[in-house]
Amino acid sequence: MKCDASFVFSDAMLGYHFNADHPFNQKRVVLAKELLAAANTLDESQIIAPKKATEDELALFHDRAYIQAIKKAGEGLLQDDGGLEYGIGTEDTPIFQNMHDASSYLVGGTLTAVDAVLSGKVSHALNLGGGLHHGFKRRAAGFCIYNDAAVAIKYIREKYNLKVLYVDTDAHHGDGVQWAFYEDPNVCTLSIHETGRYLFPGTGNINERGIKDGHGYAFNLPIDAFTEDDSFLQVYEAAFKEIAEYFQPDIIITQNGADAHCYDPLTHLCATMAIYEKIPALAHELSHTYCNGKWIALGGGGYDSWRVVPRAWAQIWNVMTTGKHKLGDIPEDWLSKWQMESPVSLPATWQDDKNIVPTIPRKKDITEKNYKVLQSALKYTKHRHT
Amino acid sequence: MLVEEIMNPDVITLTPDATIAEALTVLHENRIRHIPIVDDQLHVIGIVSDRDVRDASPSILQKDSAEKVLQNELKSIMSHPVVTVHPLDFVEEVASIFYDEEFACVPVVRDYKLVGMVTEKDMLYTLIHLTGTNVQSSHIEVKVPHKPGILPEVASVFGKRKTNITSVLVYPFKNDPNYKILVFRIQTMNPMPVINDLRECGYELMWPNNMTGPKS
Ligand SMILES: [Zn+2]
């Protein structure tokens with residue numbers, strides 16, 4: 001299916017930059033965008049510039065005192081240890097110049113995507129600069145300052161009163177967004193991630209199901225380290241379909257961290273590009289089944305910036321606009337432009353060779369355990385709709 | 001950590017002349033499993049568990065005697081004397097009592113008066129907090145020689161990286177008394193720099209290092 005979609009981008013998004021050694025790098029957005037341009041699937045006319053989120057918009061989710069602290073920090077006015085209570089000034093989330101403005105553009109980009117879709121201008125929108133799911137009400141964490149998804153969902157709730165399904169495929173648990181709507185029955189969150197036994201942030205257990213009126217509207221699939229494509233997709237597809245049917249959303253927001261890949265240096269999942277073809281395809285299909293196509297996709301984590309993230313993110317757009325992912329060779333122009341700068345050899349095809357995944361001796365056990373996680377996570381949806 | 005920090009101070013009690021029927025109602029309505037039995041001075045003179053009540057309750061086959069049995073006083077079925085703890089005891093001492101005596105709950109007594117209760121569940125909740133899994137963190141395990149000064153040595157590696165440690169545990173290493181396992185939960189999403197520092201200092205990591213193949 002061919003659909004109208006908007007791609008949020010401007011250079012203003014590139015100001016979100018901690019330092020040269022930091023694993024979170026907005027260059028990934030540029031690489032994905034140029035890959036699409038080289039493949040002739042992104043037209044200038046489809047690009048919309050992000051607005052800058054206002055302080056009132058940020059305050060839909062964030063504490064005013066926190067916003068003030070971020071502003072001060074970005075102007076060099078925060079005392080030495082003054083940022084620590086707000087989670088900034090650490091190795092993960094260092095202070096950088098104009099961090100408030102830069103972060104406001106990322107949130108604004110997601111709001112711009114929301115407005116493009118909810119004004120009826122397009123069916124889908126993609127903001128690869130967003131997806132900062134670890135941001136808390138008054139604390140930065142895990143490379144995330146303002147939580148664009150949480151702000152955008154509050155915005156949708158207030159301005160449009162729609163039921164939102166938030167789906168997070170980053171290898172880290174989508175904790176900031178989950179806790180933000182933990183009591184809200186109109187926002188359903190689903191996160192699939194590597195178990196928090198060892199990996200940051202440590203949360204995202206199956207038994208985190210929401211509280212009070214929100215009970216039964218938070219879903220978690222904590223899968224085992226070394227999980228491979230088939231098992232990942234088996235539990236993810238079943239959960240997403242079942243939850244969409246149970247919740248009947250009006251709009252779907254997906255967070256598309258690309259750090260579950262076997263090349264990713266920060267996680268221990270063992271997926272290949274195959275999951276990054278299926279993930280947007282499912283979101284696309286379900287948004288048309290339940291939401292009249294209303295689907296907003298965001299970026300997120302992903303720390304193999306050269307081999308993994310550009311292809312994974314480009315496929316979201318390919319699916320959004322053509323209904324299909326790309327096959328075959330990566331455009332020569334893109335390869336020759338970036339190979340010089342890349343410290344690793346760039347992939348020549350859209351698909352991965354299955355052999356890049358190391359042999360996992362406990363594959364059978366892992367698959368079985370993940371399936372148990374699925375059954376346990378969906379225990380209550382089954383009860384409700386049968 | 002002290003018992004007074006984890007105990008529940010709102011305890012539901014009964015007197016020894018209360019009936020089994022009353023105990024059944026109290027257990028059921030409050031969803032609790034133990035009732036301390038106290039006299040009018042709040043001295044703990046016994047304890048009744050849901051199990052004691054169940055064992056004493058008549059089966060449905062003996063309808064005639066049922067009503068009579070349920071009217072028996074609690075002093076006929078309560079356990080006594082009762083093992084109690086003090087608010088200033090350490091939490092880990094209570095854990096030993098639970099383990100050694102196979103209790104699931106102990107009354108807390110100060111100046112001979114009942115002031116609270118600690119259950120196995122409170123104990124486990126405390127344990128969850130002690131391990132630090134309730135805060136955003138990554139988990140790292142380091143194998144170290146069992147010698148003085150090793151903990152600050154390893155911890156300084158995290159300090160140099162401005163990485164906040166949320167919890168530390170020290171485990172024995174299998175059956176080898178010459179080594180210990182230090183378990184850190186640290187507030188970072190990117191443990192790689194710290195991991196590299198630790199390796200450069202010559203420490204052996206238990207996690208993460210059980211990779212099945214190189215992630216290049
Ligand atoms: Zn992630």
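The values are calculated or read from the model by the stated rules, or taken from the named source; none is laboratory data. Keep in mind the model is a prediction, meaning the values are calculated, not measured. Quick reminder, even Gly has a Cβ in these numbers, built from the backbone with ideal geometry, and neighbours come from all protein chains shown. The area values use the complete protein model at the heavy-atom level, side chains included, leaving out ligands, DNA and RNA. Shrake-Rupley method; radii C 1.70, N 1.55, O 1.52, S 1.80 Å.
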Exercise. Say whether the condition of being open to solvent by less than 100 Å² (accessible area, probe 1.4 Å), farther than 16 Å from A:Leu35 by Cβ and charged (D, E, K, R) is met by at least one residue in segment A:341-359.
Key: yes
Quiz item: For segment A:324-331, does any single residue satisfy the condition of being crowded, with 20+ Cβ neighbours inside 10 Å and in a helix (DSSP H, G or I)?
Solution: no
Exercise. Within segment A:1-45, count every residue that is open to solvent by less than 20 Å² (accessible area, probe 1.4 Å) and in a helix (DSSP H, G or I).
Key: 7
Exercise. Six or more apart or on different chains, Cβ under 6 Å: which pairs go from a residue in segment A:295-313 that's closer than 13 Å to A:Ile279 by Cβ to one that's of a type in the set (Asp, Glu)? Could you list them?
Key: A:Gly300/A:Asp170; A:Gly302/A:Asp259
Quiz item: (1) modelled with pLDDT of 95 or more; (2) aliphatic (A, V, I, L, M); (3) within 15 Å of the ligand (Cβ to nearest atom): which one isn't true of A:Val107, the others all being true?
Solution: (3)
Exercise. Determine, yes or no, whether A:Tyr246 is farther than 19 Å from A:Ala141 by Cα and among the hydroxyl-bearing types (Ser, Thr, Tyr).
Key: yes
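Tell me the residue from A:Lys71, A:Lys121 that is assigned to a loop (DSSP other than H, G, I, E, B), open to solvent by 40 Å² or more (accessible area, probe 1.4 Å) and of a type in the set (Lys, Arg), please.
On the way: A:Lys71 fails: assigned to a loop (DSSP other than H, G, I, E, B).
One residue alone meets the criteria, A:Lys121.
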Practice problem: Please go through segment B:22-37 and pick out each residue that is buried (at least 16 other Cβ atoms within 10 Å of the Cβ) and free of Cβ contacts under 8 Å to residues at least 60 places away in the same chain. | Solution: B:Glu22, B:Ala23, B:Leu24, B:Val26, B:Leu27, B:Ile32, B:Ile35, B:Ile37
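Within segment A:48-93, can you find the residues that are of a type in the set (A, V, I, L, M, F, W, C) and within 21 Å of A:His17 (Cα to Cα)? Give the derivation first.
We begin by selecting, within segment A:48-93, every residue of a type in the set (A, V, I, L, M, F, W, C); these are A:48-49, A:53, A:58-61, A:65, A:67, A:69-70, A:73, A:77-78, A:84, A:88.
Selection gives A:Ala49, A:Ala53, A:Leu58, A:Ile67, A:Ala69, A:Ile70, A:Ala73, A:Leu77, A:Leu78, A:Leu84, A:Ile88.
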Practice problem: Return only the number of the condition from (1) crowded, with 24+ Cβ neighbours inside 10 Å; (2) more than 11 Å from the chain's Cα centre (by Cα); (3) more than 13 Å from chain B (Cβ to nearest Cβ); (4) farther than 21 Å from A:Leu286 by Cβ that A:Asp148 does not satisfy. | Solution: (2)
